[in-house]
Every structure is written in C-alpha cells, then in structure tokens.
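Written out below as structure tokens is the structure these notes cover.
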Amino acid sequence: DYNHLEDTTQPTLNHSSHLTGNSGFDLPCELDEMAGAVRNYGSIATTVESASNDETPGSTPSVFERFSITQILKSKSPRLRRQKSYYTPSLVDDLRKRNKLYFLDPITKLKNFHGFPWKLTLQLLKLVLITVQIVIFGDQRENTVEYFERSELTYKHLLLKDWNVAYETLPYPPAAGQYAVYNMSELFDHMNGVMERYYKIPEWSLASVHLNKDKATGEAYPVNLCFRANDFEEFPNGTYIVSATVMHNCTQIQPLGSIATGPYDVQKYLMQQNFTLPFNRTLDITLTFYLRTFHLNLIETHYGPTCYNVSISVVYTNSERSGQLVVDLTAKPKEIDCEGKIMSKEAQEQQE
C-alpha cells in the first residue's frame with residue numbers, strides 16, 4: 001500500500017522535480033535563454049517553431065518544450081511579431097552617446113571634452129566681419145547723404161532770390177511764411193534771377209561747380225522751362241469750360257545777349273519765341289538745368305573723387321489755384337565717370 005501511495009502521488013509531487021532536478025533542466029536558466037532569443041532574434045513562436053522543425057523524426061520532445069508549447073497555445077495574448085534587428089545593445093548605446101555629443105552646446109563640449117568650438121568661433125568671426133562691414137558702409141553713406149543735403153542748401157542760397165536762413169529751420173510757429181511769389185512781376189523777376197545765377201554760379205560758388213557744356217560747341221546748355229496747365233476756355237458772356245485734361249509744354253530760355261553780360265529777361269525772350277504761359281490755369285512751372293561737381297574725401301584718399309551730374313529743378317507750384325506760387329528747389333545728383341587724373345596712386349590703382 002505504501003508503494004501504491006507513492007506511485008499515485010509521484011506525478012503530482014514530483015512534477016516540479018521533472019522540470020528542475022530529475023529531468024536535468026533548470027527552468028530559470030532556460031527562460032533567460034528564451035528571453036534573450038526573443039530580444040535578439042525574434043518572437044517566442046518563431047523560436048519554438050524553429051526548434052520543433054529541427055527535431056528529427058521519431059525523437060520525443062523534452063518536458064520543457066512540451067510545457068512551452070502548451071503554455072503558448074493556451075495563452076490568449078497575441079503573438080509577438082517583431083522584425084529581426086541587427087543592432088546589439090552596445091551599438092544602440094554607442095549611437096545614443098554620439099547623438100548626445102552632437103546636440104551638446106559648444107560650452108558644454110569645451111568643459112566636458114576639452115574640444116575647441118570651431119563652429120562657434122566661425123559664427124563669432126562672421127558676426128564681427130559683418131558688423132564691421134555695416135559700420136563702414138553706414139559711415140560712408142552718412143557722409144554722402146550729408147554732402148548731398150549741404151549741396152542742395154548751397155544751391156538754394158546761390159540760385160534763389162531773397163533766400164533766408166529762416167526757411168531752413170522748422171520751428172513752430174514758423175518764423176517766416178512760405179517762400180512764394182504772388183504776381184507776374186515777382187514771378188518773372190524771380191525767374192530772371194535764377195537764370196542769371198545759373199550762368200554765373202561757377203564764379204560765385206565756393207565749391208567746385210561747373211556748367212554742363214556741349215562737347216561739340218563748348219557752350220553751356222540753356223535752361224529748360226516747362227509748365228502744366230488745364231485746358232480752359234472762357235467766353236465773353238462769362239461762361240467757361242474747364243477740361244480735366246492736363247497740357248504739358250516745354251521750351252528753352254537763354255539770355256538776350258551774351259551769357260556773361262545778359263540781359264536776362266525771360267518774359268521778353270518768351271514773347272520773341274511766341275511762347276505763352278497760361279497763368280490763370282497753370283498748375284506748376286519748372287526751370288531745369290544741370291551742373292557738374294565732384295566730392296572728394298580727403299581723409300580716405302584711396303577712394304578717389306566721385307563726380308556727379310546734378311539735375312536742379314526750380315518749381316513754382318500753384319496746384320490749388322490760390323494765386324500763391326510756392327517756390328522750391330530740388331537737386332538730384334547722378335554719379336558719372338570722372339574725367340581727369342587722380343593724384344593718389346592708391347586710388348588710381350583701384351580704378352585700374
């Protein structure tokens with residue numbers, strides 16, 4: 001009977017012994033090996049299926065293989081279908097270290113790895129060079145703009161009759177009224193003064209200003225007079241018709257005598273040329289002429305002089321038909337090639 005009890009209880013009592021000591025298997029070690037196989041090569045099902053396929057015909061599976069297969073078949077969880085990976089944990093760790101090193105800032109690299117921050121140095125060098133370039137360009141541009149503004153102010157003093165320094169400031173309230181003319185006598189007197197001062201500006205000016213002359217004849221170009229006016233027709237009974245069309249017409253005016261002596265009479269010259277100004281419907285009248293000058297920076301002589309052809313326009317504006325012709329002068333310089341010898345060797349080499 002004792003034997004009978006031992007036989008009946010043997011399968012249940014020694015079931016664990018079959019998996020550990022008696023069967024020659026160590027369950028924790030085998031599970032670790034299976035987990036490593038799953039992590040490195042694929043799923044559990046793939047491992048078991050490959051193991052079952054490798055069995056020779058007639059061989060009996062071990063207790064561990066029967067236990068693994070039955071547990072997998074009875075499990076309701078889905079099978080793992082992982083792709084095979086060729087990266088080992090050491091390669092993954094090496095890639096992480098490289099990415100961490102790549103995304104570090106230059107200061108941290110310098111502290112931890114003592115590597116010279118070449119990229120940071122290059123960016124700082126570019127910042128310094130661009131800043132210096134902007135400062136140099138801004139300084140040169142400032143000098144050029146200041147030269148243009150002062151030259152325009154000089155032209156106003158030399159060409160406009162009765163110009164006063166009070167017109168140069170913008171106080172509030174203004175110290176003087178607008179610079180304007182109000183009748184035909186003042187208009188022609190002002191235009192005569194502009195024409196006379198134009199021909200005599202090389203003698204009066206303290207700057208190097210010359211008349212723009214024709215290369216073929218050697219004579220200075222005359223002053224151009226242009227006007228814009230509305231088409232207007234008035235009838236004897238007091239009715240009139242005003243058209244929105246703007247007429248534009250131009251002519252050249254010259255002294256009645258020589259350029260040096262005159263006389264300078266615009267009204268008489270226009271009558272000789274049979275040219276009429278429609279004052280009652282005029283929008284504006286413009287006198288245009290050209291001067292030649294140059295700008296030389298004596299501090300930076302290696303740049304050489306810069307020559308300009310200055311277009312000067314004296315505009316009499318009556319766009320509001322109020323009878324007040326506001327006078328304004330604008331100077332538009334245009335850079336041209338300098339004709340002459342540059343004494344500075346550096347400037348001459350730079351132009352060559």
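Quick rundown of the values:
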item: Hits in the range 209-228 (condition: part of a loop (DSSP other than H, G, I, E, B), open to solvent by 40 Å² or more (accessible area, probe 1.4 Å) and touching a Phe, Trp or Tyr at 6+ places or on another chain (Cβ under 9 Å)); result: D214, Y221
item: Residue check for L170: over 20 Å from K268 (Cβ atoms) and open to solvent by less than 30 Å² (accessible area, probe 1.4 Å); result: no
item: Lone qualifier among T282, T276 - being under 23 Å from V315 (Cβ atoms), open to solvent by 70 Å² or more (accessible area, probe 1.4 Å) and of a type in the set (V, I, T); result: T276
item: Out of M191, M184, sole residue that is modelled with pLDDT of 85 or more and open to solvent by 50 Å² or more (accessible area, probe 1.4 Å); result: M184
item: Looking only at the range 229-244, and only at residues there that are outside any strand (DSSP E or B) and not hydroxyl-bearing (S, T, Y), the one that is least open to solvent (accessible area, probe 1.4 Å); result: G238
item: Qualifying residues in the range 112-135 (those that are surrounded by 11 or more Cβ atoms within 10 Å (Cβ to Cβ) and aliphatic (A, V, I, L, M)) - the one nearest to E168 (Cα to Cα); result: L124
item: Selection count where residues are on the phi < 0 side of the Ramachandran plot, modelled with pLDDT under 90 and loosely packed, with under 15 Cβ neighbours inside 10 Å, scope the range 145-164; result: 3
item: E149 vs. criteria under 39 Å from the mean Cα position of the chain (by Cα), within 27 Å of E203 (Cα to Cα) and part of a helix (DSSP H, G or I); result: yes
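The values are calculated or read from the model by the stated rules, or taken from the named source; none is laboratory data. No experiment lies behind these values; they were computed from the predicted model shown. A quick note on method: Cβ atoms are made from the backbone with ideal geometry, for glycine too, and the neighbour counts reach across all protein chains shown. Calculation scope for accessible area: heavy atoms of the full protein, side chains included, ligands and nucleic acids excluded. Shrake-Rupley method; radii C 1.70, N 1.55, O 1.52, S 1.80 Å.
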